[in-house]
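Peer 1: Sharing a structure here in C-alpha cells format.
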Amino acid sequence: MKRKNYLLQASIALAWVLAFGNISCSNDDDSNEGKNTETVQNEVVLEDEEDQSFTDLLEEKYGDIVAGWSVVPTEESDDWMDRMSQQALEDGKQLVAEDAGSNGEGDINDLSIAKITLKYYSVDGKGNRIQLSGFVFLPKVNGKFVDCKDILLNCHQTSLGTDMLSTGSLKARAADGLAVIEPHYIGFGATANMKQTYLCHKLIGRQCADMIPALMTVLEKKGVKMQKGYGTYVVGYSQGGGNALAVGRYLEMDASSELRTLANLKKVTCGAGPYDPYATFQHWLKTDSMCMSVVLPMVIQGMMEGHSDVMAGIKLGSYFTDLYKSTGIIEKFEKNELDGTLLATDMMPQLAEINLGGSGMLAWMKFSGIMSEECADVNSHIRQALEQCLKAEVITDWVPSVPVEIYSSTTDNVIPVQANAINLYNKMKDAGAKNVTLRLDDSGFDHMLGFLNFTYLINCEKIYLESK
C-alpha cells in the first residue's frame with residue numbers, strides 16, 4: 001500500500017475514533033459463580049440532572065451514534081437517522097397522549113428526557129467494594145416524571161479517549177416510557193483514571209446488574225414508579241454485546257433471588273459481541289490475521305487487571321514484537337493514555353511489512369507480526385497465563401430461560417462471527433434453549449457499519465422487546 005493511502009486511512013480512522021470494543025474480565029480464578037452474589041448495599045449518590053427537550057434531541061439526528069459520523073456522511077446513514085428520528089417522534093407523541101389519558105397524538109413539545117448521573121456500589125475483580133457510575137434516562141411530560149413501563153439496560157461500547165457513552169438513540173428510547181440505564185465499566189465515568197477491565201465479562205455483567213437496585217433508589221427519590229408487570233431488557237453492541245449476554249447470564253445463574261425478582265429479566269439482545277474470548281484468540285492464530293490490532297493490547301491489559309494473580313509479574317510488552325512496540329502503542333497502554341491515535345497505529349508506515357491491505361477504514365495485519373516469539377510459544381508462561389484467563393471469560397455456557405437475540409454482520413472484520421455469534425447460537429440450541437434467535441446481516445457491513453444497522457433495529461424494529 002502506498003504511503004498516501006496510509007495517511008488517508010489514518011485520517012479517516014481518527015475521525016471515527018472507536019465505537020466498538022471487546023471483552024472483559026472477572027475474578028482471579030476460573031469463575032465468579034458462588035462468590036459475592038448478594039446485592040451490594042447501594043448508597044446511591046445523585047451527581048447531576050439535566051433535562052433535554054425531546055425536539056432538541058431529535059434535531060441532533062442521533063449524531064453520536066458513531067463518533068465522527070457527521071465527518072464521514074453517507075446518503076444511507078442520513079436516511080436511516082431520519083427514519084429513526086421519525087420513529088422516536090411517533091413514540092414520543094404516543095407517550096404524551098397516554099399520560100394525558102387521550103387517544104390523540106399528544107403534543108411532542110410537552111415531552112423531555114431527564115439525564116441523571118449517579119454513583120453506586122458494586123465489586124471489583126478481587127471482590128472488593130467499588131464505587132461506579134452510570135446514566136439514567138427518564139421521560140417527563142410537562143416537566144413531570146412519568147411512571148415507566150420497563151427497564152432498558154444498555155451496555156455501552158468501548159472507546160479510546162472519548163466519551164462515547166450516552167448514545168442519542170438510547171436516550172430517545174425513554175420516549176417509549178422506558179427507564180433507560182447505562183452503567184459505566186471500570187475505566188469510564190467515576191473510574192476513568194483506572195485501567196479498563198477489558199474482556200472481563202463476568203465481572204462487568206455483575207457490575208451492570210448491580211445498577212438495577214440503584215435505579216430503584218433513583219425512582220423512589222424522584223417519585224417515579226415502575227408499572228405493574230415491568231421487566232428488564234438488556235441490549236448492547238460489540239463489547240456491549242458481550243456484556244449484555246453476561247448480564248443475562250449473571251441474573252439467571254449467579255444473582256441473588258432478591259435481585260432476580262427486582263430485575264425480572266425479559267430479554268437479552270446482543271450485537272456482534274465477543275462471547276468467546278478464547279475462540280476469538282484462536283481464530284486470530286489460525287488465520288494469522290487481525291483487523292484493528294489495538295484490540296490485542298486491550299484484551300491482554302484487561303486480563304492483567306481482572307485476573308491479577310494469574311497474570312502476576314507479566315509485563316504487557318512481553319506479548320508484542322519490537323516492531324509493534326516501536327509505534328509507542330504499548331507505552332500508551334501502560335500509562336493509561338488511550339486516545340484516538342491508537343486506531344491509526346495499524347496504518348503507520350513502520351508496520352507496512354505486516355499490513356495485509358485495507359478493509360473499509362481499518363487495516364488487516366498479520367497476527368504473527370504483532371505477537372512476540374514468547375507469546376507465540378504455546379508452552380511459555382505468558383501464553384498459558386493468557387489462555388487461562390481467556391477461557392475463564394467464555395460465556396457461551398448459558399442456557400437461557402428468557403429470549404436471547406443475537407445479531408452480527410456476516411462480514412464483521414473485528415469480532416469473528418463464526419467463533420462468536422454462530423457458535424453461541426449453536427451451543428445454546430444444542431443445550432436445549434428454545435427461544436434463541438440468530439440474525440445474520442449479509443449486507444456486507446463491517447463491524448462499525450454493523451453498529452449503525454443494529455442501532456436502527458433497536459429503534460425501529462425494537463428487537464429488544466420480548467415477542468408477545
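Peer 1: Looking for whichever is closer than 25 Å to Q157 by Cβ, surrounded by 19 or more Cβ atoms within 10 Å (Cβ to Cβ) and without any contact (Cβ under 8 Å) to a residue 24 or more places away in the chain here; the options are Y425, Y407. Which one fits? Outline the logic, then answer.
Peer 2: Values: Y407 fails: without any contact (Cβ under 8 Å) to a residue 24 or more places away in the chain.
On inspection, the qualifying residue turns out to be Y425.
Peer 1: Which is at positive phi and charged (D, E, K, R), of D322, D276, D288?
Peer 2: Numbers: D322 fails: at positive phi; D276 fails: at positive phi.
On inspection, the qualifying residue turns out to be D288.
Peer 1: Okay, next question. Quick one: L152 ticks every box in (1) surrounded by fewer than 24 Cβ atoms within 10 Å (Cβ to Cβ); (2) at pLDDT 95 or above bar one, so which box is it?
Peer 2: That leaves (1) as the condition not met.
Peer 1: Here's something else I'd like to know. If I filter the stretch 224-233 for residues that are under 12 Å from the mean Cα position of the chain (by Cα) and either buried (at least 20 other Cβ atoms within 10 Å of the Cβ) or part of a helix (DSSP H, G or I) (or both), do I get at least one hit? Talk me through it step by step, then tell me what you get.
Peer 2: First, the residues of the stretch 224-233 that are under 12 Å from the mean Cα position of the chain (by Cα): none.
Taking every residue of the stretch 224-233 in turn, none turns out to be under 12 Å from the mean Cα position of the chain (by Cα) and either buried (at least 20 other Cβ atoms within 10 Å of the Cβ) or part of a helix (DSSP H, G or I) (or both).
Peer 1: Would you mind telling me which numbered condition in (1) at positive phi; (2) in contact with a His (Cβ under 8 Å, 6 or more places away or on another chain) G223 fails?
Peer 2: Exception for G223: condition (2).
Peer 1: Could you list all residues from the stretch 246-297 that are in contact with a strand residue (DSSP E or B) (Cβ under 8 Å, 6 or more places away or on another chain), at pLDDT 95 or above and in a loop (DSSP other than H, G, I, E, B)?
Peer 2: Scanning the stretch 246-297 gives N264, A272, G273, P274.
Peer 1: Would you be able to say whether some residue in the stretch 388-396 is at pLDDT below 95, outside any helix (DSSP H, G or I) and on the phi < 0 side of the Ramachandran plot? Quick ask: steps written out before the conclusion?
Peer 2: Just the residues of the stretch 388-396 that are at pLDDT below 95, to begin with: none.
Taking every residue of the stretch 388-396 in turn, none turns out to be at pLDDT below 95, outside any helix (DSSP H, G or I) and on the phi < 0 side of the Ramachandran plot.
Peer 1: Still on this structure, please answer the following. Please count how many residues of the stretch 224-264 are under 22 Å from A419 (Cβ atoms) and not β-branched (V, I, T).
Peer 2: So the count comes out to 13.
Peer 1: Can you tell me how many residues within the stretch 428-460 are in a helix (DSSP H, G or I) and open to solvent by 30 Å² or more (accessible area, probe 1.4 Å)?
Peer 2: Of the residues in that region, 5 qualify.
Peer 1: Sticking with this structure for a sec: Could you list all residues from the stretch 190-223 that are among the charged types (D, E, K, R) and either without any contact (Cβ under 8 Å) to a residue 12 or more places away in the chain or open to solvent by 10 Å² or more (accessible area, probe 1.4 Å) (or both)? Break it down stepwise before answering.
Peer 2: Taking the stretch 190-223 and keeping what is among the charged types (D, E, K, R), we get 195, 202, 206, 210, 220-222.
Correct list: K195, K202, R206, E220, K221, K222.
Peer 1: Can you find a residue in the stretch 307-323 that is within 22 Å of the chain's Cα centre (by Cα), open to solvent by less than 20 Å² (accessible area, probe 1.4 Å) and modelled with pLDDT of 95 or more?
Peer 2: First, the residues of the stretch 307-323 that are within 22 Å of the chain's Cα centre (by Cα): 307.
Narrowing further to those that are open to solvent by less than 20 Å² (accessible area, probe 1.4 Å): 307.
Next, only the ones that are modelled with pLDDT of 95 or more stay: 307.
Within the stretch 307-323, one or more residues are within 22 Å of the chain's Cα centre (by Cα), open to solvent by less than 20 Å² (accessible area, probe 1.4 Å) and modelled with pLDDT of 95 or more.
Peer 1: Can you confirm whether S467 is hydroxyl-bearing (S, T, Y), under 18 Å from V268 (Cα atoms), open to solvent by 40 Å² or more (accessible area, probe 1.4 Å) and modelled with pLDDT under 95?
Peer 2: Numbers: hydroxyl-bearing (S, T, Y): yes; under 18 Å from V268 (Cα atoms): yes; open to solvent by 40 Å² or more (accessible area, probe 1.4 Å): yes; modelled with pLDDT under 95: yes.
So S467 fits the description; yes.
Peer 1: While we're on this one: G187 fails exactly one of the following numbered conditions: (1) under 19 Å from K462 (Cβ atoms); (2) open to solvent by 10 Å² or more (accessible area, probe 1.4 Å). What is the number of that condition?
Peer 2: Going through the list (1) under 19 Å from K462 (Cβ atoms); (2) open to solvent by 10 Å² or more (accessible area, probe 1.4 Å), G187 breaks only (1).
Peer 1: If you don't mind, there's one more thing I want to ask. Can you give me the number of residues within the stretch 397-413 that are assigned to a strand (DSSP E or B) and acidic (D, E)?
Peer 2: So the first thing to find is which residues in the stretch 397-413 are assigned to a strand (DSSP E or B), and the list is 404-409.
Subset that is acidic (D, E): 405.
Residues meeting the conditions: 1.
Peer 1: Can I ask one more? Failed condition for L203, given (1) at pLDDT below 95; (2) over 18 Å from L138 (Cα atoms); (3) in a helix (DSSP H, G or I), with all others met?
Peer 2: (1)
The values are calculated or read from the model by the stated rules, or taken from the named source; none is laboratory data. What you are looking at is a predicted structure, and each value in this text was computed from that prediction instead of being measured. Quick reminder, even Gly has a Cβ in these numbers, built from the backbone with ideal geometry, and neighbours come from all protein chains shown. These accessible areas exclude ligands, DNA and RNA; they are computed on the full protein's heavy atoms, side chains included. Shrake-Rupley method; radii C 1.70, N 1.55, O 1.52, S 1.80 Å.
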